[in-house]
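Participant: The following block contains the structure, expressed as structure tokens.
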Amino acid sequence: MKVTIVGAGNVGATCADVISYRGIASEVVVLDIKEGFAEGKAMDIMQCATNTGFNTRVTGVTNDYSKTANSDVVVITSGIPRKPGMTREELIGINAGIVKSVVENVLAHSPKAIVVVVSNPMDTMTYLALKASGLPKNRIIGMGGALDSSRFKYYLSKALDKPSNDVSAMVIGGHGDTTMIPLTRLASYNGIPVSEFLSQEQLDKVAADTMVGGATLTGLLGTSAWYAPGASVAYLVDSILNDQKKMIACSVMLEGEYGQNDICIGVPCIIGKNGIEQIVDIQLNESEKAAFAKSADAVRNMNADLKSVLA
């Protein structure tokens, strides 16, 4: 199986690294516009093979989309990263043109590929990729919810002082500091609601920390995070290529689900060989419904800025 990753920056390279050492795909192509950059990243990853025991072939190319031909999954990380003080929304003007061009180029060589969008603002870039490509909605997937949910589990595990792998939790809504919705009501520790262990005040703090999780790391690192985003992409790609049918929060086009239409936003999805195989319409309470509607309005407002790109 073949995966192409467009963008050899921190997130793209980490994604390639995780896919390789976990043996998720037999071939990974990393593409970047900067001369020699993807080649160097690929070579560095391949030189880990004898020490980590993987057999994946990783190749780097500079802006030659013909080398990406017949990819099963294409991951788009292209675009400028978020800087301290910058919102994901501010990235739209720059990244929209980049993402549209990438989608057109990769699909020219891999018309059957499933596309995973990572570029920010992620929900809006997912919407752009869907509209620009004309593909069925199951083949365009926004990654953000997988990352936000992993951060939610991290903060819950810290509050519980328990392993994060024993925590089940999900974030829905937009992939933004003010639009994501950590579902504390449904979070559990080994099947037991976390509310049995944590006070409402603790749960509120966990939710608040989750919502600014990306901004917190940007402030500390001076740029966007990459380890967790790269691993989250690999997790999603694994479920696609190996038809695992995992339930993962992803940004997907809604057509009536959750009371929304013509918008890509994070909801729980079953992910398998066909991409998004099912949208799971969970029962939200009234406050969660209100929060989701508010989140959708914010994402829709960002989408309005795409008119010139999609014209």
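The values are calculated or read from the model by the stated rules, or taken from the named source; none is laboratory data. All values derive from a computational prediction rather than experimental measurement. As a convention, Cβ positions derive from the backbone with ideal geometry for all residues, glycine included, and neighbour counts pool all protein chains shown. Remember, those area values only see protein heavy atoms, side chains included, never the ligands or the DNA or RNA. Shrake-Rupley method; radii C 1.70, N 1.55, O 1.52, S 1.80 Å.
Participant: Percent antiparallel among DSSP beta bridges with both residues in the chain, to the nearest 5?
Facilitator: The antiparallel proportion sits near 50 percent.
Participant: If you don't mind, there's one more thing I want to ask. Just to verify a number: what accessible area does Phe37 come out at with the full protein assembly present, 1.4 Å probe, Å² rounded to tens?
Facilitator: Counting only protein heavy atoms, Phe37 exposes about 70 Å² to solvent.
Participant: Can you pull out the trypsin sites (Lys or Arg not before Pro) in segment 47-139 that DSSP calls coil and that have at most 11 other Cβ atoms within 10 Å?
Facilitator: Here the sparse-neighbourhood loop sites are Lys112.
Participant: Among Ser287, Gly275, Ala304, whose Cα projects farthest towards the positive end of the dipole of segment 270-309, with charges put on the beta-carbon of Lys, Arg (+1) and Asp, Glu (-1)?
Facilitator: Selected residue: Ala304.
Participant: Go ahead and set up a Gaussian network model of the chain, Cα springs under 10 Å, then flag whichever of Asn285, Asn51, Asn105 fluctuates most.
Facilitator: Answer for the Gaussian network model of the chain: Asn51.
Participant: Mind checking which of Leu221, Leu236, Leu254 has the largest fluctuation in a GNM of the chain, springs on alpha carbons under 10 Å?
Facilitator: Among Leu221, Leu236, Leu254, the largest mean-square fluctuation in the Gaussian network model of the chain belongs to Leu221.
Participant: Roughly how many debye, to the nearest 20, is the charge dipole of segment 1-159 about its Cα centre, given +1 on each Lys and Arg Cβ, -1 on each Asp and Glu Cβ, and no other charges?
Facilitator: It comes to approximately 420 debye.
Participant: Along the Cα-to-C-beta direction of Asp243, a point sits 7 Å from the Cα; which residues of segment 259-296 have their amide N less than 20 Å from that point?
Facilitator: Only 269-279 fall inside the zone, counting backbone N under 20 Å.
Participant: While we're here: Could you work out the local net charge near Cys48, counting Lys and Arg as +1, Asp and Glu as -1, over the other residues with Cβ closer than 12 Å to its Cβ?
Facilitator: Surrounding charge for Cys48 is -1.
Participant: In addition: Can you send over the carbon and sulfur percentage of the accessible area for segment 1-101, probe radius 1.4 Å, protein chains only?
Facilitator: The nonpolar share, carbon plus sulfur, comes to 52 percent.
Participant: By the scheme Lys and Arg +1, Asp and Glu -1, what is the net charge of all other residues having a beta-carbon under 12 Å from that of Val28?
Facilitator: Around Val28, the charge tally is +2.
Participant: For Ile279, what is the net charge nearby, where nearby means another residue's Cβ is under 11 Å from its Cβ and Lys, Arg count +1, Asp, Glu -1?
Facilitator: Spelling it out: positives minus negatives among the neighbours equals -3.
Participant: Right, here's the next one. Along segment 199-205, what does the Karplus equation 6.51 cos²θ - 1.76 cosθ + 1.60 (θ = phi - 60°) give for ³J(HN,Hα), rounded to whole Hz, x for Gly and Pro?
Facilitator: Result, ordered by residue: 6, 4, 5, 5, 5, 5, 5 Hz.
Participant: Could you tell me how far the Cα centroid of segment 118-170 sits from the Cα centroid of segment 1-46, in Å?
Facilitator: First find each Cα centre; the distance between them is then 20 Å.
Participant: Here's a follow-up. About its Cα centre, what dipole magnitude does the chain give when the only charges are +1 on Lys and Arg Cβ and -1 on Asp and Glu Cβ, stated in debye to the nearest 20?
Facilitator: 380
Participant: Of the listed peptides 5-14, 38-47, 190-199, 142-151, what is their order by residue-averaged count of other C-beta atoms within 10 Å, with the highest listed first?
Facilitator: 142-151, 5-14, 38-47, 190-199
Participant: With every protein chain left in place, what is the accessible area per residue of segment 12-147 in square angstrom, probe 1.4 Å?
Facilitator: 40
Participant: Report the FRET efficiency, 1/(1 + (r/R0)^6), for Asp281 and Glu104, where r is their Cβ-Cβ distance and R0 is 25 Å, rounded to 0.05.
Facilitator: Once the sixth-power term is evaluated, E becomes 0.20.
Participant: What residue among Leu183, Leu130, Leu31 shows peak mean-square fluctuation when the chain is described by a Gaussian network model with Cα springs under 10 Å?
Facilitator: Leu183
Participant: A follow-up question, please. Which residues' amide hydrogens lie under 5 Å from the amide hydrogen of Cys269, considering only partners 5 or more residues apart or on another chain, with H built in the peptide plane?
Facilitator: Ile248, Ala249, Cys250, Val280
Participant: Please list the non-local residues whose amide H lies under 5 Å from the amide H of Ile172, H modeled 1.01 Å from N, same-chain partners needing a gap of 5 or more.
Facilitator: Ile181, Leu183
Participant: Can you compute 3J(HN,Hα) from phi for each residue in segment 166-176, using the Karplus curve 6.51 cos²θ - 1.76 cosθ + 1.60 with θ = phi - 60°, rounded to whole Hz and x for Gly and Pro?
Facilitator: 8, 9, 10, 7, 9, 10, 10, x, x, 8, x
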